[in-house]
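The values are calculated or read from the model by the stated rules, or taken from the named source; none is laboratory data. Predicted, not measured: the structure shown is a model, and the values here were computed from it. Note that each Cβ is placed from the backbone with ideal geometry, even for glycine, and that neighbours are counted across all protein chains shown. Remember, those area values only see protein heavy atoms, side chains included, never the ligands or the DNA or RNA. Shrake-Rupley method; radii C 1.70, N 1.55, O 1.52, S 1.80 Å.
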Amino acid sequence: MNKHINLTSGEIASLWTVYMNDSMSLQVLSFMLKDLKDEEIKPVIQHAYDLSCSHIEKLTAIFKKENYAIPNGFAELDVNPNAPWLFTDVFCLTYVNFMAKIGSVTYGGLLSMSTRKDIRDYFTEVIHETTILYNTSLDIALEKGVNSRHPYISVPKETDFVDSKDYLSGLNPFQDKRPLNAIEISYLYMNIMTNSIGNKLCLAFAQTSPSKDIQEYILRCSDVAKKHVKIFTDILKEEDIEVPEVPDISISNSTTWTFSDKLNMFHISLMMQAGIGNYGTASAASQRSDLMLNYERLSLEVAKLAKSGADIMIQYNWLEQPPGIKLRKKLARDKEKS
């Protein structure tokens, strides 16, 4: 007889996180699907939608088996199916590719937090599915010539070692900075793309939100994203590195209510979490001190903005609380009173 193994805190957190994300993705993807015209792009978005449906079904089964309260997440009420089109077909393709990229990193981390075999099996399967989705969406983008590529540099012909501490410098205004290395260039461009997509999403959410305070907050997020794009772009241009053009990730002029403000705020929060994670990784990987300082400074700016967003979500009772433990002292006091 197999002994039942309880879920750990890491597994509970992981399952809750992916359920919330997939329930949101379902609503966004369902809206995208209704207006897609490109016969090559539409199957990719449909595949992403089908994956989210499958994930929700499997997660719900796990929750019921464990007597785990199913999160509220997001539902059909969070999207207006009658709203006019909002995203171009190329934007939808770029969005799915970008979210698959985020998902691959997220699922890898959640797998490492899981111990029980069935939970590990679930995340292993999801990583495989997400990798296929990423490759498929990228292949279509390459075929259509709407993909973005990291800047090209010369292939190294020999190996070398750092021979001076000056290699790590970059803050002294009276001293020339050493040229960027390939790792630093890659992270700068990745963060340009992240903020470019985030900016377009913010504009779409802001112009279709019926609430003035939500619009103002989301437009602040858009301004910060544009500012960060400029900072990273300027660093590359200082090195005479050509910044590849971002694909045509356009949005329409629709101002009709499309997604609930609860969904808009959650989605922006998710993007900011990914951005802060990217900045942390980029800071650790970059060896020029001015880049490290930039990433730390910009991370703090995004964190403060995220805190303001969380305050708004709490104000409107939109911020769903992750599973946690009971306050032991409070339980004891409540027992004494009864």
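The accessible-area ordering, largest first, of the residues Phe266, Phe161 stands as Phe161, Phe266, per a 1.4 angstrom probe. Volume per residue of the convex hull around the Cα atoms, evaluated for region 120-179, comes out as 232 Å³.
When the chain is treated as a Gaussian network with alpha carbon springs shorter than 10 Å, the biggest mean-square fluctuation among Gly309, Gly277, Gly324 belongs to Gly324.
Among Asp261, Asp118, Asp50, the largest mean-square fluctuation in a Gaussian network model of the chain (Cα springs under 10 Å) belongs to Asp118. In whole Å, what is the distance between the alpha-carbon centres of region 30-91 and region 225-304? Using only Cα atoms to place each centre, the spacing works out to 25 Å.
Compared with the dominant principal axis of the Cα atoms in the chain, helix 89-112 is inclined by about 70°. Computed from the C-beta positions of Glu296 and Val243 and an R0 of 25 Å, the FRET efficiency is 0.65 to the nearest 0.05.
Largest accessible area first, the residues Trp16, Trp85 order themselves as Trp85, Trp16 under a 1.4 Å probe with ligands, DNA and RNA left out. Short-range pairs are left out: with C-alpha atoms under 8 Å and at least six residues apart, the relative contact order of the chain is 21 percent. When a/c reaches 1.5 or more, the comparison of a/b and b/c decides; with that in mind, is region 212-317 rounded, prolate or oblate per its Cα gyration tensor? Cα axes put region 212-317 in the oblate bin.
Using a probe of 1.4 angstrom and keeping all protein chains present, the accessible surface of the chain works out to 55 square angstrom per residue. Along the charge dipole of the chain, which of Leu168, Tyr217, Pro71 sits closest to the positive end, that is, farthest toward it, with unit charges on the beta carbon of Lys, Arg, Asp and Glu (+1, +1, -1, -1)? Checking the options against the dipole of the chain, the answer is Pro71.
Ignoring ligands, DNA and RNA, how do Met292, Met99, Met32 rank by accessible area with a 1.4 Å probe, largest first?
My answer, sorted largest first, is Met292, Met99, Met32.
Rounded to the nearest whole Hz, the Karplus-based 3J(HN,Hα) values (6.51 cos²θ - 1.76 cosθ + 1.60, θ = phi - 60°) of region 179-190 follow the sequence x, 5, 8, 4, 5, 5, 4, 4, 5, 4, 5, 4, with x at glycine and proline.
Extension gain, Leu77-Lys144: 0.36 nm per intervening residue step, less the Cα-Cα distance, totals 20.7 nm. Legend: calculated FRET efficiency, Asp213 to Val155, from the Cβ-Cβ distance at R0 = 56 Å, rounded to 0.05, equals 0.60.
In degrees between 0 and 90, to the nearest 10, how far off the longest principal axis of the chain does helix 212-238 point, with axes built from Cα atoms? Around 30 degrees separate the two axes. Relative to the dominant Cα principal axis of the chain, helix 117-144 is inclined by about 50°.
Pick from Pro84, Pro322, Pro71 the residue whose mean-square fluctuation is largest in a GNM of the chain, springs joining Cα atoms under 10 Å. The residue that fluctuates most here is Pro322. Around the amide H of Thr258, modelled in the peptide plane, lies no amide H under 5 Å away from a residue 5 or more places distant or on another chain. If I compute solvent accessible area with a 1.4 Å probe over the protein chains, what percent of it on region 77-199 is carbon and sulfur? Carbon and sulfur: 59 percent of the exposed surface of region 77-199.
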